[in-house]
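Student: Below: one structure in structure tokens.
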Amino acid sequence: MIDLADFRKRPDAYRDAAKKKRVKIDIDAFLKLDEERRVLLHAVETKRAEKNKVSAEVPKMKGDDKAKAVAAMKELGAELKAGEERLKEIEVLWNDLQLRLPGIPLPQVPEGKDDTENKEIRKWGDLPKFAFEPKDHVTLGADLDIVDIPRGVKVAGSRSYILKGDGARLELAIHLFALDLLHKRGFTQLNPPVLASYDAMMGTSYFPGGEEQAYAVGVQQKRTEPITPDDLYLIGTAEVPVTSYHSGEVLKLSELPKRYVGFSSGFRREAGTYGKDTKGLYRVHQIQKVEQVILCEGDAAVSAKMHAEILANAEAVMQALKLPYRVVDVCTGDMGLGQVYKNDIETWMPSRNGYGETHSCSTFHDFQSRRLNIKYEAADGTKKFVHTLNNTCIATPRVLIPILEIYQNADGSVTVPEVLRPYMGGQEKIVCKTA
RNA sequence: GGAGAGAUGGCUGAGUGGUCGAAAGCGCACGACUCGAAAUCGUGUAUUCCCUCACGGGAAUCGAGGGUUCGAAUCCCUCUCUCUCCGCCA
């Protein structure tokens, strides 16, 4: 949610942002509706003030005067009701549009229509060279009996998988390594619910808009308002519960920034991606993720610093794993509604012969905190909205693609990255047990 | 799943139709007293929205939504949540 006062001052900036982000919203319609709402609101409140005033005087009146006043108020009450009803109708539309107004991208964000126009800002690591014919991760996973996709599909449908044996142990090792690294860097770990309320989904701005990407519990899909019985959604990322952790709270300046790391599964319906990335572990319905979340002072310079920090953390993990990657500035058309700056880390995946997105680092400024109502008491005693940021630290199973493919050996085994060995009892290699 | 109790400001807790946005206490802030502190005394202490350059004014909010009424924290209906006990369960 954006600052409406700011919006009214410079609607063109938001018109421009909507255009660049490819957000379909009629800014002029909203301006008109907003004005209509304010006029009507004023009229209704004036009537209400009159009614309140007279009603307060009624008990002191007697006889004729009293009867007249009551009759007049009865009439006023009817008028008021009509006005209130119209106001309510307008506010439904107003509120719906308001939630779709975009955050304004920072100046450094490149303009572009989609992910093909993201801009590479740096590269790290050397691309692997194989002296043998390398296998892809699906083949490796099957041959080593550590990734069972057919049985995953049997049990839970398409885009499902089962990590098995050393594959399962490797996954956990990756997360433990990342969690340890963030622990050492001052992050507090939260293992949150993977179920979230409508408010949490809305507050983090997954809703409205992303309803069809979320699995809903006990409710039908495609809805814009909370309904019974459960009103719970499977989260796509720990960002949702962790960012919502302090919703409705006023934090002390001295306790900022809050550095949290959420560890959870995430669930995505992947609606509308039929036929896309169907093979292997790239695009699946359930992921496991170590997610960094920051709440900091509502100051662009501070959040920029935090953005760099969490991006560096993720890069540190990739470098420790010795996986070649690049960092891109995500262009306007590929950003979310509320994001003002976003970097992706893309990791080299031999089977794709290219870089594939493995991390996403986003700065929201006060877009989420306005919806979630997370404030802090500033140095001058006023209450301001915090800035929120989040970034993947590591996510599986997608990162297993580069790990398996890059660390494979000519004999079909996979070397365990050195930094992960302590988390696998010192194991150095994953070999085929049945061969 | 069964039975019961409850939801009021930062907290505790009064308040069953008319200056109640809300007593009182605690907490907190400021001031007085003090060398300083404690104690004591005094003053102040919710959020959101609208109008205004500002001073200030208005509206809404006592779990949520609806209703009755000139007027609702108080009456009626629906829902949600919390707590206790029993059952079931990782």
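Student: Between a first residue in region A:33-57 that is in contact (Cβ under 8 Å) with a residue 12 or more places away in the chain and a second residue that is near RNA strand B (Cβ under 6 Å from one of its atoms) and of a type in the set (G, A, S), which pairs have beta carbons less than 8 Å apart while being 6 or more apart in sequence or on different chains?
Tutor: What qualifies is A:K51/A:G77.
Student: Here's a follow-up. Name the residue that is nearest to A:Y341 (Cα to Cα), counting only residues in region A:80-91 that are more than 11 Å from RNA strand B (Cβ to nearest atom) and either among the aliphatic types (A, V, I, L, M) or without any contact (Cβ under 8 Å) to a residue 40 or more places away in the chain (or both).
Tutor: In the first step, residues of region A:80-91 are kept if they are more than 11 Å from RNA strand B (Cβ to nearest atom); the result is A:82-83, A:86, A:89-90.
Retained after the next criterion (residues that are either among the aliphatic types (A, V, I, L, M) or without any contact (Cβ under 8 Å) to a residue 40 or more places away in the chain (or both)): A:82, A:89-90.
Numbers: A:A82: 45, A:E89: 35, A:I90: 32 Å.
The residue in question is A:I90.
Student: Considering region A:247-263 alone, what residues qualify as being modelled with pLDDT under 85, of a type outside the set (D, E, K, R) and in a loop (DSSP other than H, G, I, E, B)?
Tutor: A:S247, A:G248
Student: Restricting region A:61-79 to residues that are assigned to a helix (DSSP H, G or I) and among the basic types (K, R), which is farthest from RNA strand B (Cβ to nearest atom)?
Tutor: A:K68
Student: Would you mind finding the one in A:L33, A:L41 that is at pLDDT 90 or above and within 6 Å of RNA strand B (Cβ to nearest atom)?
Tutor: Checking each option against the conditions leaves just A:L41.
Student: What do you reckon, is A:A5 within 25 Å of A:T204 (Cα to Cα), loosely packed, with under 14 Cβ neighbours inside 10 Å and within 8 Å of RNA strand B (Cβ to nearest atom)?
Tutor: So A:A5 passes the test.
Student: Give region A:171-230 a look and list any residue that's closer than 20 Å to A:T388 by Cα, polar (S, T, N, Q) and at pLDDT below 85, or say none.
Tutor: Matches in region A:171-230: A:S197 only.
Student: Here's something else I'd like to know. Only residues that are of a type in the set (D, E), more than 22 Å from A:K252 (Cβ to Cβ) and buried (at least 18 other Cβ atoms within 10 Å of the Cβ): list them for region A:271-314, please. Quick ask: steps written out before the conclusion?
Tutor: At the first step, the residues of region A:271-314 found to be of a type in the set (D, E) are A:277, A:291, A:297, A:299, A:309.
Subset that is more than 22 Å from A:K252 (Cβ to Cβ): A:277, A:291.
Of everything in region A:271-314, just one residue is of a type in the set (D, E), more than 22 Å from A:K252 (Cβ to Cβ) and buried (at least 18 other Cβ atoms within 10 Å of the Cβ), namely A:E291.
Student: Another question about this same structure. What are the residues in region A:141-161 that are closer than 18 Å to A:T396 by Cα, touching a strand residue (DSSP E or B) at 6+ places or on another chain (Cβ under 6 Å) and in a helix (DSSP H, G or I), if any?
Tutor: A:G141, A:G152
Student: Here's another thing I want to ask about it. Pull up region A:46-60, narrow it to residues that are loosely packed, with under 14 Cβ neighbours inside 10 Å and closer than 20 Å to A:K88 by Cα, then point me to the one that is farthest from RNA strand B (Cβ to nearest atom).
Tutor: If we take residues in region A:46-60 being loosely packed, with under 14 Cβ neighbours inside 10 Å and closer than 20 Å to A:K88 by Cα, then A:T46 is farthest from RNA strand B (Cβ to nearest atom).
Student: Within 16 Å of RNA strand B (Cβ to nearest atom), in a helix (DSSP H, G or I), exposed (fewer than 14 other Cβ atoms within 10 Å of the Cβ) and not hydroxyl-bearing (S, T, Y) - does that describe any residue in region A:11-29?
Tutor: no
Student: Which one is farthest from the chain's Cα centre (by Cα), of the residues in region A:97-132 that are of a type in the set (K, R) and more than 17 Å from A:S360 (Cβ to Cβ)?
Tutor: A:K129
Student: Please list, ordered by first then second residue, the pairs with beta carbon atoms under 8 Å, 6 or more apart or interchain, first in region A:66-79 and among the β-branched types (V, I, T), second within 8 Å of RNA strand B (Cβ to nearest atom).
Tutor: From residues that are among the β-branched types (V, I, T), the pairs are A:V70/A:V58.
The values are calculated or read from the model by the stated rules, or taken from the named source; none is laboratory data. Since the model is a prediction, treat every value here as computed from it, not as a measurement. Note: ideal-geometry Cβ built from the backbone for every residue, glycine included; neighbour counts use all protein chains shown.
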